[in-house]
Structures are given as structure tokens and as C-alpha cells.
Amino acid sequence: MSHTVLVCDDAIFMRTMISDILTQAGFEIVGEAETGLQAVEKYKQVKPDLVTMDIVMPDMGGIDAVREIIKFDGTARILMCSAMGQQALVVEAIQAGAKDFVVKPFQPSRVLEAVQRVLG
Amino acid sequence: MDLSQYAELFRTETRDHLLTFNRLLLEWEQHPDQPEPVAGIFRAVHTIKGMAATMGYARVADLAHRAETLLDRFRQGHRAVTDEELELLFRTADALEALVEASVGGRDAAVDVELLLGALDDAAGAHAAEPTARPRRISFVAAPVGVGRRIEVILRTDSPLKGARAALVLQRMAALGTVLAVEPAPAAIESDAFDGRFAFRLDATADAATIEREIRSAGDVDRIGIDAGDAVAEGDRDAGRTRHLRVDLRRLDTLMNVVGELVTARGRLEHLAAARGDAALAEDVATLSALTQRIQTEILQARMTPVWQVFDRFPRLVRDLSRQLNKQVAFKVEGKEIELDRAVLDEIGDPLVHLLRNAVDHGIEPPEERAAAGKPAAGQIVLAALRDRGAVTIVVSDDGRGLDRAKILAEAKARGVVDGSTDEVTDDLVLRVLGRSGFSTAGQVSQVSGRGVGVDVVLTRMRELGGSVEIKSTPGVGTTFTLRLPPTLAIVPALLARVGHERYALPLTHVAETVELDAGRVTRLETRDALLLRDELLPLVHLRDVLQIEGEPPRRRPVVVLQLGDRRTGLVIDRMEGQREIVVKSFRPPRGTLPIFSGATVLGDGDPVLILDAGGFA
Amino acid sequence: MILGCLLTQPRWLIFASFNKMDDFSGRLLLFRIGDLACAAPATTVREILPPQRATRIPGAPPPVEGLINVRGELVTLVDGARLLGRGPGVDGGALVLLEWAATTVALAADEVLDLVPLGSVELEAREELVGIDPGVVQAVGRHAGRSFVVLALDALLGPLLTVQEDV
């Protein structure tokens, strides 16, 4: 059975791209969220195997969303999607419980490596 | 390397972990069959062990290690914790605290924990049949400083955000054990200049293969070096995972003093600029003023500390007291996040201990008595911090039997606080009687509250802090103490009062109003003057007399009305010289100094001025 | 010349002017109170200030002049002459700031005389001193033909300044 993924990003472009990379690799996208709040709600609904999380989103940022999700499910597997120059934020996300991160611009091979590590 | 410079950091950090230890033990005690708190307790003890070993405090590390062994059994097993085991862990927390203090002071031999060590080993042994890990204890003693293994990691050169990657590695390692001595420092790792090489020490039971696998699983790892690591790494440093910086309070005090001087100098400069009428200078001075204001606000903010740092030790205190006295008490803490100036916070711990002790000992009735009175068997004590306009209020209330007013009245008469004909006991009178040293509300002296010390200590301390105390007590319903505190001690608005050639500052905290002294409305009240103010007779204190200032007072004089709780007093001065923000400084009063000063300050013109304590006149 | 440096200079400047010669700790500061030459170990002297008016502390005993402001720090000023029971007060040329019992005390003296290395001082036992309580004298010394008393600060200041908590 393929792994389920929740994709969180405020940009449709990014969501589409991540979904494409993951779908082609055989993952099942079970939800999308464009704010941190939505991410938390959707997570609670669909309980995916993996979450990809943008750091900067409206309503609730990615890091706070990580905290909320981890609070709800300590075993949640969250992959942060970061831009260069967001090092401190990524560290914060890791400390909040994120399991790994990838850096934009995305290279499909790197995204998949990270996903494998997180699910492994 | 010299570890002593880390001793203070070790002590404060350990204290935090011990608070957590105690808090979680209390939670566990509420639900002995639910193992949730165990993980947190284990972490706290484990962290203390690691830090103590790093510091070379072998006995602390050993005690923590034995406690950890017992806790580990609970982490793995699913049995509920027994009362005896909890008691043992509570004692361990106390012993750790004592041992830490003693070790930092170099006197750890003075603390005897042998019995406790044995008891912990027995408990761990009884819990699981396997023997306790005695050999590890020896290794601790033998190599107290070089904890764990030194691990070096080099990330792939093409790895983006190497700092975040390193953080990921460290996070995985922290799941295996305690990470210590990270090099370079966390700040350097997070900087863009970080080249992807870092090292740390790991205190964990996992084997090298497991460690390596975990490190690799963080991704982008090029090379890993793990050694047995007896050698102490250079720059052996605290892991410092927190993003806060601990600052020695004395540094902040110094900074505060300097800012105080800056505020004073600014005052002088403003004065000068106004006198010169130089517009350009005035503008620069205005800029300077705004900047000074900002620095002042920032430093005050840096000194603000949430009250939980003091409150968190109280649940344990109340629990122990109520057990000792065979009372049932539900203790509630509210407003833990409210912040107070660190200096104020440091001072209120003792008064609160007195009030909580009184509440458990004298307030809350034994269960039978409560049942007979139709109350629930468990009494309730609430400790709450509230923000009230500019001030912070701390309330200690109980739903116990209330104060014995007949006894207080008798005491008041015996001591001449009221005359023999009085039969009304106001809350204000209660406070005045309780505030006298030597008076005890206890029907009998118990080992907990002793004889009479308590409320007088609270009153004195609050007065020193420029705060006030109120009391409300209803027979059979309970007692409430309300402590009003300035949120920060350092800078307060004050009136400047002139008497003769001297000036004194009077903090606005207790000033209700100022009125003119109307000689036609002054009457004699017993031995004092009193002013008929609206429909109230206000007792007067002539500051000239108190300070023994000679000469004729001016004909028109103001009266500053001081209000402390329900009591009002009029302070007669010569002249008001306006209102200032004053920086409160302490001074060492020479013997014989009148007990009416709460500190001193320096005015804009550089002159020192004493600060009058409103409580000294009421 | 030395005295010129001493007056009104912060401590580090005083230090700076003597470091070249030898260890600062082995020196005594000599100052005059009325007709009495007094001395205090230089290690206890923080700095020397010109006289300034103090704010009275009501209730404090007579030798205590009050509080002075030393760059923002509040320091208790004690009149040397009244402290030693030698007249109505110094007509003071200098305030000697002494570090005593974890606090700073300013002692008003008439003038600062000299800073002398201990090596050049002959210390004598406390003899019969005219007009001064031997209990407040630690030692009697002689330097360049002049006799002076080394003040026993604990005995002098202890009774005046309580060692209780600050207010």
C-alpha cells in the first residue's frame, strides 16, 4: 500500500510541484493545506503517513503547525520545505519535532531522499 | 579546563530540572497508574546526571543515576507506582537539591545520601528482578569529567543549510541519550559560515553501529568518527539547546544602575536645554530622551520573570505540609505566566511560604471538622497572580475556618492596640494585630508554623518592596491575603516633598490625593492632630516633627493623603515639588536611622534624596 | 605631584600612577584629621574626592553626615573629626572613599598628606595616645619624621553603620 501524504504550502505552484514529484514516485496525496491552521485540521482528519510543510504560511506559520501537530500526534512525520536563508527557522522546526527538511528550489531526487529518510 | 565558571549555570539549570522533577512527581501522585509523567521525570534526572558528571560532581551523578535506574523500570514496565516509591522519589528530589548546592559549594561530603542510595537500589531491584547497575557507578566515579563518547561528524560539502542538518543530527542523538559539549557553539553552527564539521559528546548506552546508523539517517552525512573518548574535548561546553541566554542577575543590576544614571543625566541635560532655549540642542536632547526611554524599557523587560519560577516549588510544599498535618488540601495555582521584576520575585518567596504554611496549618480544618461543618473533606488553597492596572496582585486564599476574631480582639486589648471598650474587629485591626511580631493565629503551636512569626514577616517584606497587604477573613468560610506589588522595583513615579531645606521622595503607589491643610478644620484626636476632610477624620503626621526640622513652617501647606488598605493618614509637608520618575536605590542605613525610609534616589541635579515609606506613617 | 593625581581621580588612575614603582598593596594613605595624622591601607582606599554636601539621614548619629552621590552610587559620608572625637567637624579638603565591610564609606578628612610604601614606615606598638581612644587605633607608625595612627576601621565604623540589610 502506498504512503499517504498531506502537502502544506500557500503557493499552488509549490503544492502542485511537490504533489507531482511524490505522485510519480508512487505516493498518494490525501490532502492539501494552504495555511498552518488548515494543516493542523487536515492532519487530524486524514492522519497521513507524511506531511510536507512550508515554513512561511498565513494564519499559522509552519513551525507553529509542527508544534500543534506534534502535540496531537507525537509520532507525526513532518518534512519541512525551506528556502535558503531560513536556517534558524529550520532549526526551530526541527526542535519542534520536524523530522527532516528539503531546500527550495526542489530537486526531485533530493525530495525523495528526504522522504525516504523520514519514512524509513 | 576550569569548570568552576560553569558552576552557577549548572546550579540554575539543575534547579529548573528539579522543579520539573517535583512538578511531574506531583502529577504522577495524582494518577499513579498513568505513566505519562515518567518520561519527563526520567529526562530531568538524566539531564542532571549528565551535567553533574560533566562538572565532576560524582555524588550527584551517582544519585541521579540510581534514580534513573528505578525510573527506567517504570518506563519499560506498566505497573502503577506505589506510595512508598513516590515518597522515595520525592526524597531523592530533595537530596539531589541539597547535594547539588553542597557540591557547588565544595561541601558535598556534608550531605549523606547512603541510605537513600540503598533504598533506590532496593526499589529498582524489587521492581525488576535484575540487579542494579553497580559497575556503572564505578565508571562514573573513575571518569566523572569525560562523559560518554566523543563523536565527530562531517557533512557533505553540497549539503544545503548545513546548520539545520547538524541540528537534525543532534536532535536524533538527543533521542539516544544526553548530548554534551557541542563544538562549535550552537550560534556558530547556525551561522552561514559553518563548514559542516562538528563534534559533540554523547552519553548513551547505544552501541557505535546504532549511533552511526542514527547519524546517517539524518541525511547528507559524509564522514563519522566515534571514539571511546576518555580525553576531555577542548572547549567542553554545555549543549545549550535553548535559545535563551542566561544572564547573571548582577549584570542586569549593573546595567539597571547605569541606566538609572543615564536617566539622571538626561534629566540634567533636559534642564540645561530648557534653560538655554537652544532649539537644536533641545531636539538632540529629545532624541536622547527617547532612546534612553527605550533602553530603560528593554532592560526592565529583560528583568521580568514569570512567577512560576517561584510558584512551581509550592505544590510540593503544600503537599508535604498537608501530609504532615493530616489535612486534605487541593492546591491551585493561577496566573503562573504573570511577570514580575526578578528583584521583586526573589523577595516574595519567603512571604508566600509563610502564608501558605499558615493556610495549611491554621486555615484548613482537619477532614472530620470540615465534614462536620458540611464542607468537602479536602480544603482548597488558591495561589493566584493577577495583573491589576499597573500593579501585580498576589492572592493566597483558603476555604478554611477563618481567623479567630475573639482571640485577636483579646490580644489587641492586651497589647493596647485598641482600648478596652472596642468590640468591633475590622479586617484592618486584624492586620494590625497579626502584623505585630509574636502574635500567632495558631490555637496551638504546631511544628509547622511555629510561634507567631509569619504575618509580621510578610508585612515587613511587602513594605520594603513598596507594596501592601490586605486581609479578608470570614469565620467558617476562609481567609484571603492580598499582596499588592509594584511590577518592577527599579523605577517608580514619586512626589517630591519639601520640608525645611530638605527634599524627600514619596512613591505614588500609596498616595491617594493631596489636599491643602486648612487650619480651621484641624482638630485634636486623642494625641494626634486630625483633619476633617469631607466626612472623614484624617489623622495627621507632621513630617517636620518626625524629621525634627526646626523653624517655622509656611502658612499654606499641603497634606499628602496616604492610603494603605483601609487606613488613611495625612502627611503634612511644606511644599510639593512636582512628580518625578525616580530610580530606587538601596542604601545601608546607619544605626539609629528613622525606620521610615524604603531607599534613596538621585535627582536630576545629582542630589541624593531619601524615599519615604508610606507604611512607616500609617 | 602625587597628591595632585590622587585628588579627584578615579581609582584606576591612582593605580596607574603607582604601578610602575611597586606593589600598590604595600602602601598606606596618610591623611590629616584636625591635628592628627591618620593612615589607612591603600588597598582599602577606593578613591579620593573633593568635598561635597551630603543629604542628611534623619536619626543617624552625629558623625554620619549623610548620603553623597558618587557617580550614581549612594555612599554614606562620615565626618572624620567627629568620628575620632576631635572637634566639631573637619573643615575638610578631601573625602577618602574606603571599602569597608562590603560597602563603601566616605570619610571626610582635612587633607590628604601622602601615600607611602610600607617599607619606609616604622610601625610602632600602640602607645599612650593623647586625645584618642586606643581602641580605634590599629597601630602607630612613623614616616619621614611624622607620627601617624593607622585607623581600626571596624572599631570606628562598626558601631555607626549597622551590618543589617540595605533598605
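The values are calculated or read from the model by the stated rules, or taken from the named source; none is laboratory data. Here the structure is a predicted model, which means the values were calculated and not measured. Note: ideal-geometry Cβ built from the backbone for every residue, glycine included; neighbour counts use all protein chains shown.
Here is a check on your reading of the model: is residue B:205 farther than 26 Å from residue A:113 by Cα, polar (S, T, N, Q) and modelled with pLDDT of 70 or more?
The answer is yes for residue B:205.
Give me the residue from segment B:573-595 that is facing another protein chain (nearest Cβ under 8 Å) and touching a strand residue (DSSP E or B) at 6+ places or on another chain (Cβ under 8 Å) and, out of that set, surrounded by the most Cβ atoms within 10 Å (Cβ to Cβ).
B:589
Say we look at segment B:329-362 and pick out the residues that are in a helix (DSSP H, G or I), small (Gly, Ala, Ser) and modelled with pLDDT under 90; which of these is farthest from the chain's Cα centre (by Cα)?
Looking at the filtered set, the residue picked out is B:343.
Pick out, from segment C:50-120, the strands (runs of 3 or more DSSP E) lying fully within it that include 2 or more residues that are among the small types (Gly, Ala, Ser).
C:103-109
Would you confirm, using the coordinates I've provided, whether residue B:461 is of a type in the set (D, E, K, R) and modelled with pLDDT of 80 or more?
Details: of a type in the set (D, E, K, R): yes; modelled with pLDDT of 80 or more: no.
No: the conditions fail for residue B:461.
Of the numbered conditions (1) touching a His at 6+ places or on another chain (Cβ under 7 Å); (2) at pLDDT below 85; (3) surrounded by 15 or more Cβ atoms within 10 Å (Cβ to Cβ), residue C:92 satisfies every one except a single condition; which is it?
Only one criterion in (1) touching a His at 6+ places or on another chain (Cβ under 7 Å); (2) at pLDDT below 85; (3) surrounded by 15 or more Cβ atoms within 10 Å (Cβ to Cβ) is unmet by residue C:92, namely (1).
Kindly indicate whether residue B:46 is touching a strand residue (DSSP E or B) at 6+ places or on another chain (Cβ under 8 Å), surrounded by 15 or more Cβ atoms within 10 Å (Cβ to Cβ) and either outside any helix (DSSP H, G or I) or in the same structural domain as residue B:126 (by TED's automatic domain parsing) (or both).
Against the criterion (touching a strand residue (DSSP E or B) at 6+ places or on another chain (Cβ under 8 Å), surrounded by 15 or more Cβ atoms within 10 Å (Cβ to Cβ) and either outside any helix (DSSP H, G or I) or in the same structural domain as residue B:126 (by TED's automatic domain parsing) (or both)), residue B:46 qualifies.
Determine which single condition residue B:258 fails, assuming it passes every other condition in (1) closer than 14 Å to residue B:581 by Cβ; (2) modelled with pLDDT of 75 or more; (3) within 14 Å of chain C (Cβ to nearest Cβ).
Exception for residue B:258: condition (1).
Take residue B:532 and tell me if it is farther than 21 Å from residue B:615 by Cα, part of a strand (DSSP E or B) and touching a helix residue (DSSP H, G or I) at 6+ places or on another chain (Cβ under 7 Å). Break it down stepwise before answering.
Numbers: farther than 21 Å from residue B:615 by Cα: yes; part of a strand (DSSP E or B): yes; touching a helix residue (DSSP H, G or I) at 6+ places or on another chain (Cβ under 7 Å): yes.
Yes.
Of everything in segment A:88-120 that's charged (D, E, K, R) and touching a Leu at 6+ places or on another chain (Cβ under 8 Å), which residue is farthest from the other protein chains (Cβ to nearest Cβ)?
Step one: list which residues in segment A:88-120 are charged (D, E, K, R), which gives A:92, A:99-100, A:104, A:110, A:113, A:117.
Narrowing further to those that are touching a Leu at 6+ places or on another chain (Cβ under 8 Å): A:99-100.
On the way: A:99: 8, A:100: 6 Å.
Only one residue fits best here, namely A:99.
Can you tell me which residue within segment B:597-614, out of those that are more than 7 Å from chain C (Cβ to nearest Cβ) and touching a Leu at 6+ places or on another chain (Cβ under 6 Å), is surrounded by the fewest Cβ atoms within 10 Å (Cβ to Cβ)?
Per the criteria, the residue is B:614.
What residue, among those in segment B:534-548 that are in contact with a strand residue (DSSP E or B) (Cβ under 7 Å, 6 or more places away or on another chain) and within 25 Å of residue B:503 (Cβ to Cβ), is farthest from the other protein chains (Cβ to nearest Cβ)?
Checking each candidate, the answer is B:538.
Out of B:551, B:565, I need the residue that is on the phi > 0 side of the Ramachandran plot, more than 14 Å from chain C (Cβ to nearest Cβ), touching a residue at least 12 places away in the same chain (Cβ under 8 Å) and under 27 Å from the mean Cα position of the chain (by Cα). Which one? First the steps, then the outcome.
Numbers: B:551 fails: under 27 Å from the mean Cα position of the chain (by Cα).
B:565 is the lone residue from the list that is on the phi > 0 side of the Ramachandran plot, more than 14 Å from chain C (Cβ to nearest Cβ), touching a residue at least 12 places away in the same chain (Cβ under 8 Å) and under 27 Å from the mean Cα position of the chain (by Cα).
Going by the conditions given, is residue B:570 free of Cβ contacts under 8 Å to residues at least 60 places away in the same chain, in a strand (DSSP E or B), within 14 Å of chain C (Cβ to nearest Cβ) and surrounded by 15 or more Cβ atoms within 10 Å (Cβ to Cβ)? Can you show your working first?
Values: free of Cβ contacts under 8 Å to residues at least 60 places away in the same chain: yes; in a strand (DSSP E or B): yes; within 14 Å of chain C (Cβ to nearest Cβ): no; surrounded by 15 or more Cβ atoms within 10 Å (Cβ to Cβ): yes.
Taking the combined requirement at face value, the residue does not satisfy it.
Could you please find all residues in segment B:363-399 being outside any strand (DSSP E or B), within 23 Å of residue B:323 (Cβ to Cβ) and among the small types (Gly, Ala, Ser)? Reasoning before the result, please.
Step one: list which residues in segment B:363-399 are outside any strand (DSSP E or B), which gives B:363-378, B:389-390, B:399.
Applying the additional criterion that residues be within 23 Å of residue B:323 (Cβ to Cβ) yields B:363-373, B:375-378, B:399.
Those that are outside any strand (DSSP E or B), within 23 Å of residue B:323 (Cβ to Cβ) and among the small types (Gly, Ala, Ser): B:363, B:371, B:372, B:373, B:377, B:378.
Taking segment C:37-47 on its own, how many of its residues are in contact (Cβ under 8 Å) with a residue 60 or more places away in the chain and either under 10 Å from residue C:151 (Cβ atoms) or basic (Lys, Arg) (or both)?
Here is the first cut: in segment C:37-47, the ones in contact (Cβ under 8 Å) with a residue 60 or more places away in the chain are C:37-42, C:44.
Those left that are additionally either under 10 Å from residue C:151 (Cβ atoms) or basic (Lys, Arg) (or both): C:38-41, C:44.
The number of residues fulfilling the criteria is 5.
Kindly list, by first and then second residue, each pair from a residue in segment B:63-74 that is buried (at least 24 other Cβ atoms within 10 Å of the Cβ) to a residue that is part of a helix (DSSP H, G or I) and polar (S, T, N, Q), limited to pairs with Cβ atoms under 6 Å and residues at least 6 apart or on different chains.
Close Cβ pairs (under 6 Å, with a partner that is part of a helix (DSSP H, G or I) and polar (S, T, N, Q)) amount to B:67/B:92.
For segment B:568-599, give me each residue that is over 14 Å from residue B:610 (Cα atoms) and hydrophobic (A, V, I, L, M, F, W, C).
B:571, B:572, B:573, B:576
Within segment A:1-34, how many residues are assigned to a loop (DSSP other than H, G, I, E, B), touching a strand residue (DSSP E or B) at 6+ places or on another chain (Cβ under 8 Å) and free of Cβ contacts under 8 Å to residues at least 40 places away in the same chain?
The number of residues fulfilling the criteria is 2.
Hey, among the residues in segment C:109-146 that are under 24 Å from residue C:89 (Cβ atoms) and modelled with pLDDT of 85 or more, which one's surrounded by the fewest Cβ atoms within 10 Å (Cβ to Cβ)?
Step by step, filter segment C:109-146, then rank; the result is C:111.
Output the qualifying pairs, or none if there are none: Cβ atoms under 7 angstrom, residues six or more apart or on different chains, first residue in segment B:153-176 and of a type in the set (Val, Ile, Thr), second residue in a helix (DSSP H, G or I) and modelled with pLDDT of 85 or more.
That search, which allows pairs on different chains as well, returns B:153/B:169; B:153/B:215; B:169/B:215.
Among the residues of segment B:85-117, count how many are without any contact (Cβ under 8 Å) to a residue 12 or more places away in the chain and closer than 27 Å to residue B:27 by Cβ.
The total comes to 3.
Quick one: in segment A:78-87, which of the residues that are out of contact with any Leu (no Cβ under 8 Å at 6 or more places or on another chain) and facing chain B (nearest Cβ under 9 Å) is surrounded by the fewest Cβ atoms within 10 Å (Cβ to Cβ)?
Residue satisfying both the conditions and the ranking: A:85.
Quick check on residue A:58: is it in contact with a His (Cβ under 9 Å, 6 or more places away or on another chain), more than 21 Å from residue B:160 (Cβ to Cβ) and not polar (S, T, N, Q)?
Judged against the criteria, residue A:58 is not a match.
So is residue A:57 of a type outside the set (Lys, Arg), part of a strand (DSSP E or B) and surrounded by 22 or more Cβ atoms within 10 Å (Cβ to Cβ) or not?
No.
Need pairs with beta-carbon distance below 6 Å; first residue surrounded by 12 or more Cβ atoms within 10 Å (Cβ to Cβ) and within segment B:1-17, second modelled with pLDDT under 75; sequence gap 6+ or separate chains.
Close Cβ pairs satisfying both conditions: B:3/B:55; B:10/B:51; B:10/B:55; B:17/B:47.
Of everything in segment B:313-328 that's of a type in the set (D, E, K, R) and outside any helix (DSSP H, G or I), which residue is modelled with the highest pLDDT?
B:327
Search segment C:38-94 for residues being of a type in the set (S, T, N, Q) and closer than 29 Å to residue B:546 by Cβ, and hand back the single one that is farthest from the other protein chains (Cβ to nearest Cβ).
C:52
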